[in-house]
Amino acid sequence: MKILNKYISILIVLGLISSVSYAEDFKNEDPVYHVVLIWLKTYRNEMRINKIINASKELKNIPGVLEVSTGKVLRSARVIVDDTFDVSIIIKFASKEYLKDYLVHPIHIKIANEVIKPLANKITVYDTIIQE
């Protein structure tokens, strides 16, 4: 039994070392921002906006997600500003690899299919690499 515990301890240490080196692989990558703009079926409906904002907080539990910011549109008189959407979600990832993993993660799929898509008339997504 002592030998088995010793091997398990060695495997755990090796796993920790390899996960640290995996994180190091992305250390020098620029972060990726996933910008989601949502137009609701019911224009400017506060209850539905808040439902999306509250559900989006769960996205922080997905590996590789560094930040999740949500908000309502800021109305503008400037012609160049598109203020026709209702709610935004901006997610910062450690790398583009984490974005790929996020897209198929069960939490993301559940929120997208059960909360956002039923309320949305239109969804536009922009992915961008930010050079910090």
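The values are calculated or read from the model by the stated rules, or taken from the named source; none is laboratory data. These numbers were taken from a predicted model, which means no experiment stands behind them. Here Cβ is always computed from backbone atoms with ideal geometry, including for glycine, and neighbour counts include all displayed protein chains. For accessibility, only protein heavy atoms count, side chains too; no ligands or nucleic acids. Shrake-Rupley method; radii C 1.70, N 1.55, O 1.52, S 1.80 Å.
Here are the numbers for this structure:
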quantity	calculated
Answer from Ile116, Ile107, Ile123 - the residue that is open to solvent by 70 Å² or more (accessible area, probe 1.4 Å) and either hydrophobic (A, V, I, L, M, F, W, C) or under 21 Å from Trp39 (Cα atoms) (or both)	Ile123
Test for Ile49: is it in contact with a strand residue (DSSP E or B) (Cβ under 9 Å, 6 or more places away or on another chain) and in a helix (DSSP H, G or I)	yes
Per-region count, the range 88-99, residues closer than 19 Å to Leu37 by Cα and either of a type in the set (D, E, K, R) or modelled with pLDDT under 95 (or both)	1
Any hit, the range 106-117, residues being at pLDDT 95 or above, charged (D, E, K, R) and more than 17 Å from Lys51 (Cβ to Cβ)	no
Flag for Ser69 being outside any helix (DSSP H, G or I) and either modelled with pLDDT under 95 or under 23 Å from Val87 (Cα atoms) (or both)	yes
Which listed residue, of Leu40, Leu14, is surrounded by 10 or more Cβ atoms within 10 Å (Cβ to Cβ) and modelled with pLDDT of 95 or more	Leu40
Residue in the range 72-104 that is most open to solvent (accessible area, probe 1.4 Å), counting only those that are part of a strand (DSSP E or B) and touching a Ser or Thr at 6+ places or on another chain (Cβ under 9 Å)	Lys72
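Here is a yes/no grid of residues against (1) without any contact (Cβ under 8 Å) to a residue 24 or more places away in the chain; (2) within 21 Å of Asn45 (Cβ to Cβ); (3) touching a Phe, Trp or Tyr at 6+ places or on another chain (Cβ under 7 Å):
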{"site": "Ile89", "(1), (2), (3)": "no, yes, no"}
{"site": "Tyr98", "(1), (2), (3)": "no, no, no"}
{"site": "Ile107", "(1), (2), (3)": "no, no, no"}
{"site": "Ile111", "(1), (2), (3)": "no, yes, no"}
{"site": "Lys117", "(1), (2), (3)": "yes, yes, no"}
{"site": "Ala120", "(1), (2), (3)": "no, yes, yes"}
{"site": "Tyr126", "(1), (2), (3)": "no, no, no"}
{"site": "Ile129", "(1), (2), (3)": "no, no, no"}
{"site": "Glu132", "(1), (2), (3)": "no, no, no"}
